[in-house]
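Visitor: Quick one: the structure is below, questions incoming.
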Amino acid sequence: METRLHPRFENDPAARIAEDALRACVHCGFCNATCPTYQEQGDELDGPRGRIYQIKEVLESGEANATTRTHLDRCLTCLNCMTTCPSGVDYNHLVAVGREVVERDLDRPWRERLLRGLLARALPARWPFRLALGLGRLARPALPARLKRRVPPRQATGAVPRPANGAAGPDFQHGRVLLLGGCVHDAIDARINAALRHLLARRGVEVVETGAARCCGAVEHHLAFEERTRARVRANLDAWEPVLERGVDAVVSTASGCGVLLRDYGHILDDDPTYAERAARLAARVRDPVELFDAESIRELGIRAPADHPPVAWHAPCTLQHGQALPGRVEPLLQAAGFNLVPVIEPHLCCGSAGTYSILQPEMAGRLRQRKLDNLEAAGPARIVTANIGCQTHLQSGTDTPVEHWLTLLERHCPATPAGA
């Protein structure tokens with residue numbers, strides 16, 4: 001796609017990256033076939049190809065408009081289009097540039113500014129979110145059913161054994177990982193990180209953590225607050241540096257959505273002379289939990305579902321299968337543990353969670369959630385398992401079928417002593 005940047009963008013490194021992405025696009029439209037919002041709306045402007053044209057117009061004219069903002073806001077950034085694209089268009093970074101320009105150039109209505117500002121401040125900060133969640137849980141019995149579903153109940157966690165030094169997992173050599181707590185993750189469901197600690201401890205892998213860092217930066221990034229995102233990344237690198245200097249083999253988040261942004265740290269700070277190298281090193285160490293296990297390790301741990309365990313449905317988060325390019329990795333682990341997985345149609349389509357999307361675009365998010373739940377529950381599973389806290393909470397708000405993380409499902413059926421010990 002031929003592109004001529006407006007003079008205001010000629011010396012903008014981000015715009016040059018966007019220009020390269022635009023030039024790669026060949027207008028084939030394969031992306032629209034797998035775009036959730038295009039499938040729902042049937043509007044070219046609500047598909048990746050239409051959004052690419054709109055971003056091109058902004059970068060060439062130097063002017064943004066409210067219509068472009070509406071259609072960019074409606075994008076889930078699920079990155080399904082990147083999985084489908086035969087030309088390798090870097091839509092992820094292209095849409096980020098487009099959103100940043102639009103956000104910088106156009107003033108939003110005051111209600112939108114207020115909501116987005118509150119999200120950017122409250123979600124990455126632990127105590128305000130925990131306070132709000134605690135108050136919501138206290139009031140939950142009196143809330144209307146629609147609101148009650150939006151407040152996740154407290155999840156109890158059992159005692160977690162202390163990790164020990166020892167054997168390594170299949171993706172690293174020395175058995176020491178940095179586990180990130182995140183901003184809202186443990187407040188919503190502390191069982192997930194506890195489950196990973198337990199499973200790795202059973203394999204003799206040391207788990208180290210640090211309370212100095214907060215949100216990975218995904219919240220600000222979703223809101224197109226790029227300077228705040230960069231500041232967040234720098235602060236995290238400073239907070240994690242003492243642990244990283246002592247040596248770790250992997251940096252792990254049990255939220256696949258956080259994993260996508262962590263892997264992008266090198267890109268986010270690639271023009272920062274002080275932090276670029278550190279950011280790239282951190283990004284190279286990022287692993288999703290699914291990369292720390294294989295079918296053999298599941299069997300060695302002695303994880304085994306009871307013979308009468310009812311079937312489960314696997315929901316693959318977009319951030320795992322498209323963002324981190326790890327499709328089809330969890331299913332073999334569940335099957336190795338003896339779980340019966342029901343078939344699910346349209347497994348590639350987004351559930352509508354998408355970070356802050358379900359809050360800012362509730363109507364579209366609700367439609368996509370219902371479509372996803374219809375597909376997940378069609379074969380009558382007893383529970384749904386996923387790999388991202390956002391998807392887990394969003395899906396659970398629309399169904400009575402239990403929704404949980406795949407790590408907690410496996411950990412619940414892990415014996416106290418590994419098989420053969």
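The values are calculated or read from the model by the stated rules, or taken from the named source; none is laboratory data. Fair warning: this is a prediction, and the values are worked out from it, not measured in the lab. Cβ coordinates were reconstructed from backbone atoms using ideal geometry, including for glycine residues, and neighbour counts include every protein chain displayed. Heavy atoms of the whole protein, side chains included, go into the accessibility calculation; ligands, DNA and RNA do not. Shrake-Rupley method; radii C 1.70, N 1.55, O 1.52, S 1.80 Å.
Visitor: For the stretch 77-91, which positions are open to solvent by 30 Å² or more (accessible area, probe 1.4 Å) and in a helix (DSSP H, G or I)?
Guide: Met82, Thr83, Thr84
Visitor: Cβ-Cβ below 6 Å, separation at least six or inter-chain, first residue in the stretch 30-43 and more than 16 Å from Cys85 (Cβ to Cβ) and open to solvent by 60 Å² or more (accessible area, probe 1.4 Å), second at pLDDT below 95 and outside any helix (DSSP H, G or I): which pairs?
Guide: Filtered contacts from the stretch 30-43: no entries.
Visitor: Okay, next question. Just to be sure before I move on: is Ala378 open to solvent by 50 Å² or more (accessible area, probe 1.4 Å) and at pLDDT below 95 in the structure I sent?
Guide: On the way: open to solvent by 50 Å² or more (accessible area, probe 1.4 Å): yes; at pLDDT below 95: no.
Criteria not met by Ala378.
Visitor: Of everything in the stretch 335-393, what is in contact with a strand residue (DSSP E or B) (Cβ under 6 Å, 6 or more places away or on another chain) and within 26 Å of Ala307 (Cβ to Cβ)? Give them in sequence order.
Guide: Across the stretch 335-393, the qualifying residues are Phe339, Leu341, Val342, Val344, Leu376, Pro381, Arg383, Ile384, Val385.
Visitor: Got a sec? Which helices (runs of 4 or more DSSP H) wholly within the stretch 33-76 have at least 2 residues that are touching a Leu at 6+ places or on another chain (Cβ under 8 Å) and within 24 Å of Gln370 (Cβ to Cβ)? Steps first, please.
Guide: On the way: elements: 36-41, 48-61, 66-73.
Answer list for the stretch 33-76: 36-41, 66-73.
Visitor: For the list (1) in a loop (DSSP other than H, G, I, E, B); (2) open to solvent by 60 Å² or more (accessible area, probe 1.4 Å), I need the number of the one condition that Ala354 fails.
Guide: Here Ala354 clears every test but (2).
Visitor: Does Gln370 qualify as being open to solvent by 20 Å² or more (accessible area, probe 1.4 Å), of a type outside the set (A, V, I, L, M) and outside any loop (DSSP other than H, G, I, E, B)?
Guide: Numbers: open to solvent by 20 Å² or more (accessible area, probe 1.4 Å): yes; of a type outside the set (A, V, I, L, M): yes; outside any loop (DSSP other than H, G, I, E, B): yes.
For Gln370, the condition - open to solvent by 20 Å² or more (accessible area, probe 1.4 Å), of a type outside the set (A, V, I, L, M) and outside any loop (DSSP other than H, G, I, E, B) - is met.
Visitor: I would also like to ask the following. Residues Asp308, Asp271: which one is more than 21 Å from His198 (Cβ to Cβ), in contact with a helix residue (DSSP H, G or I) (Cβ under 6 Å, 6 or more places away or on another chain), at pLDDT below 95 and not in a helix (DSSP H, G or I)?
Guide: Asp271
Visitor: Next question, about the same structure. Does Thr319 fit the bill of being open to solvent by less than 10 Å² (accessible area, probe 1.4 Å) and polar (S, T, N, Q)? I'd like the intermediate steps shown before the answer.
Guide: Working: open to solvent by less than 10 Å² (accessible area, probe 1.4 Å): no; polar (S, T, N, Q): yes.
Against the criterion (open to solvent by less than 10 Å² (accessible area, probe 1.4 Å) and polar (S, T, N, Q)), Thr319 does not qualify.
Visitor: Another one. Can you tell which of Pro343, Pro362, Pro327 is within 21 Å of the chain's Cα centre (by Cα), open to solvent by 50 Å² or more (accessible area, probe 1.4 Å) and over 26 Å from Thr70 (Cβ atoms)? Can you show your working first?
Guide: Details: Pro343 fails: within 21 Å of the chain's Cα centre (by Cα); Pro362 fails: over 26 Å from Thr70 (Cβ atoms).
One residue alone meets the criteria, Pro327.
Visitor: Looking at (1) assigned to a helix (DSSP H, G or I); (2) within 19 Å of Gly355 (Cα to Cα); (3) open to solvent by 10 Å² or more (accessible area, probe 1.4 Å), find the lone condition where Val95 falls short.
Guide: (3)
Visitor: Output the residue which, of all residues in the stretch 198-228 that are under 27 Å from Ala354 (Cβ atoms) and basic (Lys, Arg), is modelled with the highest pLDDT.
Guide: Arg228
Visitor: Got a number for residues in the stretch 50-64 being in contact (Cβ under 8 Å) with a residue 24 or more places away in the chain and open to solvent by 60 Å² or more (accessible area, probe 1.4 Å)?
Guide: Narrowing the stretch 50-64 to residues in contact (Cβ under 8 Å) with a residue 24 or more places away in the chain: 51-52, 54-56, 58-64.
Next, from what is left, pick out any that are open to solvent by 60 Å² or more (accessible area, probe 1.4 Å): 60, 63.
Going through the stretch 50-64 one residue at a time, the tally reaches 2.
Visitor: Considering only the stretch 217-250, state which residues are hydrophobic (A, V, I, L, M, F, W, C), part of a loop (DSSP other than H, G, I, E, B) and closer than 18 Å to Arg285 by Cβ. Steps first, please.
Guide: In the first step, residues of the stretch 217-250 are kept if they are hydrophobic (A, V, I, L, M, F, W, C); the result is 218-219, 223-225, 231, 233, 235, 237, 239-240, 243-244, 248, 250.
Adding the requirement that they be part of a loop (DSSP other than H, G, I, E, B) leaves 223-225, 248.
Selection gives Val248 alone.
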